[in-house]
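The values are calculated or read from the model by the stated rules, or taken from the named source; none is laboratory data. All values derive from a computational prediction rather than experimental measurement. All Cβ positions, even for glycine, are placed from backbone atoms using ideal geometry, and neighbour counts span all protein chains on display. Heads up: the accessible areas ignore ligands, DNA and RNA and are worked out on the full protein's heavy atoms, side chains in. Shrake-Rupley method; radii C 1.70, N 1.55, O 1.52, S 1.80 Å.
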Amino acid sequence: MLYPTPTEPLLSGGFINGFSRSVSDPLIAVSHFDLAHFHDDLLTQFAVPLPATLQRAVNKRKAEYLASRLLVREVLSDFGHPNFLLTNAPDRSPRWPDNLNASLSHSQGIAVLAVTRQALCVGVDVEHVMAEKTAQETARMLMNQEEQQRLAALPLTLAEGATLLFSLKESLYKALWPKLHEVMDFHQAALVEIDLPAGKALLRLEHHFNADFPRGTLLEAVFTPVNEHVITLVTYDANKKPAQQVG
């Protein structure tokens, strides 16, 4: 289960109002930021230039960009990369230092980073719990019948369960993207085990992508308790022989 430890907030004039990190590997770091305290001068103050695609973006997009880059800069300084500025490849995937594997996510005032020196596929995601109506409208797109039954057996609302599943599959997608560079459908992976109190889950690929990621490949995940939001993390050692479950 993910339980980052609170530390001192980053100095940002109230824009960043909370910061925590875990002692796990991968390391998980979380920052809370306040859109009401964002202004363009902060980008100059912290030497975070906006890419051309965000020059005319609304403040929400700019604030998310700044908060996530400040989080990355803060954490990667402890990994031997002081003043690191995260940029994106043409496919919009982040460009991490060669000796690190990492993943980044943000949602409604929260930014989350997972980073490790291990040779792992890493995917992290944060989601605020969707509305019940949204969960009802997207359930068939998001989950198969077995997943619906598995989530229905948990002490979660439909919206909480759907949000957790969405986030788990988003983390899986982000973990595999650097290896596959292929868009995934929600039904190409399935939740096959979940331990809510322990914050652990197991997902299985339902599609044959390639020899390294065949149908039946199992991927482990951990997650925070589902309250107003949930954070999920999927990791996988792509150098080992795929762990498979037929079915």
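Would it be correct to say that ALA111 is at pLDDT 95 or above, touching a Ser or Thr at 6+ places or on another chain (Cβ under 6 Å) and either surrounded by fewer than 19 Cβ atoms within 10 Å (Cβ to Cβ) or assigned to a strand (DSSP E or B) (or both)? The answer is yes for ALA111. Among residues of the stretch 20-31 that are part of a loop (DSSP other than H, G, I, E, B), those with a beta-carbon under 6 Å from a residue that is surrounded by fewer than 22 Cβ atoms within 10 Å (Cβ to Cβ) at least six positions away or on a different chain give the pairs SER22/PRO4; ASP25/THR116; PRO26/THR116. Checking the structure you have, find out if any residue of the stretch 128-141 is open to solvent by less than 30 Å² (accessible area, probe 1.4 Å) and closer than 30 Å to ASN239 by Cβ. There is no residue in the stretch 128-141 that is open to solvent by less than 30 Å² (accessible area, probe 1.4 Å) and closer than 30 Å to ASN239 by Cβ. Of the residues making up the stretch 107-121, at least one is of a type in the set (A, V, I, L, M) and closer than 22 Å to ALA190 by Cβ.
The set of residues from the stretch 82-101 being over 26 Å from HIS37 (Cβ atoms) and either open to solvent by 60 Å² or more (accessible area, probe 1.4 Å) or part of a strand (DSSP E or B) (or both) comprises PRO90, ASP91, ARG92, ARG95, ASP98, ASN99, ASN101. Could you check, for the stretch 50-73, whether at least one of its residues is in a strand (DSSP E or B), touching a helix residue (DSSP H, G or I) at 6+ places or on another chain (Cβ under 8 Å), modelled with pLDDT under 95 and open to solvent by less than 20 Å² (accessible area, probe 1.4 Å)? No, there is no match, as no residue in the stretch 50-73 is in a strand (DSSP E or B), touching a helix residue (DSSP H, G or I) at 6+ places or on another chain (Cβ under 8 Å), modelled with pLDDT under 95 and open to solvent by less than 20 Å² (accessible area, probe 1.4 Å).
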